[in-house]
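Have a look at the structure below, then the notes.
Nothing in this text is a laboratory measurement; each read-out follows from the coordinates by a stated rule. Here the structure is a predicted model, which is why all the values come from computation and not from measurement.
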Amino acid sequence: MTKNARDGYFNGGRVPFGYSAVPEGKRKRLTILEDEAQIVREIFDLYVAGMGCKLIAVQLNE
């Protein structure tokens, strides 16, 4: 499992928001889904600016 991760392959489980698991033979690599990644970047920027989780959720739901 460690070697798999070191080689850049996905070890399974739920794919994180902002990524897609793309098959490469018997393994999969994570690739960025740009539409979702933009939301992740926005969340990060709001957090760095001092906004808390609840306010970030309100902002995203507007």
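Below 8 Å between Cα atoms, with a sequence gap of 6+, how large is the relative contact order for the chain in percent?
22
Please express the shape of the chain as an equivalent ellipsoid: the semi-axes are the square roots of 5 times the eigenvalues of the C-alpha gyration tensor, given largest first in whole angstrom.
Each semi-axis is √(5λ); the values are 30, 12, 9 Å.
Between the helical axis of 34-48 and the dominant principal axis of the chain, each derived from Cα atoms, what acute angle in degrees is found, rounded to the nearest 10?
With both axes taken from Cα atoms, the answer is about 50 degrees.
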